[in-house]
Amino acid sequence: MLLRTFGWSFGITAAGLALAGVLWGWKGLAIVAILSVLEISLSFDNAVINAGILRKMNAFWQKMFLTIGVLIAVFGMRLVFPIIIVAITAKLSPWEAVKVAINDHDRYEALVTGAHPAIAAFGGMFLLMIFLDFIFEEREITWLGWLEKPLAKIGKLDMLSVVVALVALLVAATTVATGVPLHGGHGTIDKGETVLLAGVGGLLTYLIVGGVSSFFEERLEDDDEDGAEAGGAEPVAAKDGNGVSTGQVVGLAGKAAFFMFLYLEVIDASFSFDGVVGAFAVSNDIFEIALGLGIGAMYIRSLTVFLVRKGTLDDYVYLEHGAHYAIGALAVILLVTIKYDVSEVITGLVGVVLIAASYWSSVVRNRRLGEDSEQPDGDKDDDKAEVASGV
């Protein structure tokens, strides 16, 4: 299963590193390898979030995520998107922006990093909304019960996550976005208006794409319930390529899956922003950056599928919690980086530490549940309640 899931990633890694060696020599090969590791470390939590969404979709849309989704992630976000940003911010035609990217690496780097406040505000607000909607939602299983339970009660207030996000955006636009250093450190500039507009854009994107996908998902669930009440057929179990049941019910299809797919791609885009900008600390060659980050993106895709097929999120129930806390941390870091430099090492380590902690907590929980199964029934129920609540 490991080879089947990561086979394409291994193959593209070998081909990509070989191409880098041929085009740019040993130095280029090393740069591409470093960028690949950078992307994986920054986006590991992305794989966990993607898996939580992807497991709701049927086999067709899961395959779309691994084909069309990869093209969007690798070529769209790592190659085309930075050029579009350069074209807009520098008021250049797309073709002129391409020529700058190829022939004037220093200017291209300056233009992309100059657009960072807008990029960080958009991505930061989108990711912050994902975290807030998760943390304000009441759920049966909690990881940090002392924090999540009170927040879930507060979260019953309508539109609380939107209000909190807008307050964070106003703070960023009026404090963090003032006195933003110019590229090269020569002076500062007020980016408050830019940050405000970009942040509102990120918030609206989340509300539109996430809201539409949730609407169609709820409609599909209502239709399934109506069909079941009318004596309809039982849900069909999904099967793998060999016709073997995976133990999962066939997931979302049609409009619900389409908008969920769009939601996935916007999440991936938000995660890729810090990687694209941070890559300039390693190289300012657009093709080295695209190749290195593209290889890393392939592993995130493969890891997502691995988590879905193994049912890892069902076995280790706190992983999604850890990933959402990592998303919240990344959102804050993106807003802070509007004005201050934050090392990619710190950004990557925060996510890894949070997910590792949630994984270990899940292991401890599973062990306790295993021990409880050997206890008398009277004690067993009490212990399970404690474990499920994250106590």
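The values are calculated or read from the model by the stated rules, or taken from the named source; none is laboratory data. As the structure is a prediction and not an experimental result, all values here were calculated from the model. All Cβ positions, even for glycine, are placed from backbone atoms using ideal geometry, and neighbour counts span all protein chains on display. In case anyone asks, the SASA skips ligands and DNA or RNA and just uses the protein heavy atoms, side chains included. Shrake-Rupley method; radii C 1.70, N 1.55, O 1.52, S 1.80 Å.
Points worth noting:
- Whole-Hz ³J(HN,Hα) from phi, Karplus 6.51 cos²θ - 1.76 cosθ + 1.60, for the range 117-122, glycine and proline x: x, 5, 5, 5, 5, 4
- Dipole orientation for the range 282-337: of the candidates T337, Y318, L293, Y318 has the Cα lying most toward the positive pole (charges on Cβ; Lys, Arg +1; Asp, Glu -1).
- Close amide H partners of M57, meaning residues 5 or more places away or on another chain with modelled amide H under 5 Å apart, are L252.
- Ranked by how many other beta carbons lie within 10 Å on average, peptides 73-83, 135-145, 344-354 from highest: 73-83, 344-354, 135-145
- Per-selection Rg to Rh, the range 78-137 - Cα, Kirkwood hydrodynamic radius: 1.18
- Placing unit charges on the Cβ atoms of the charged side chains and taking the dipole of the range 77-185 about its Cα centre, the candidate lying farthest along the positive direction among I84, L128, I141 is I84.
- Cβ crowding within 10 Å averaged over residues, with 42-53, 308-319 ranked highest first: 42-53, 308-319
- Net charge contributed by nearby residues that have their C-beta within less than 11 Å of W24 (K/R +1, D/E -1): -1
- Semi-axis lengths (Å, descending) of the ellipsoid that matches the C-alpha gyration tensor of the range 1-98: 27, 22, 13
- For the residue pairs K56/K156; K27/K99; K149/K339; K99/K339; K63/K191; K99/K255, alpha carbon separations beyond 32 Å are given by K149/K339; K63/K191; K99/K255.
- The residue among W61, V100, L71 whose Cα reaches farthest toward the positive pole of the charge dipole of the range 53-108, with charges on the beta-carbon of Lys, Arg, Asp and Glu, is W61.
- Carbon plus sulfur fraction of accessible area for the range 1-135, probe 1.4 Å, in percent: 75 percent
- Using a probe of 1.4 Å, the accessible surface attributed to I119 totals some 10 Å² when neighbouring protein chains are kept in position.
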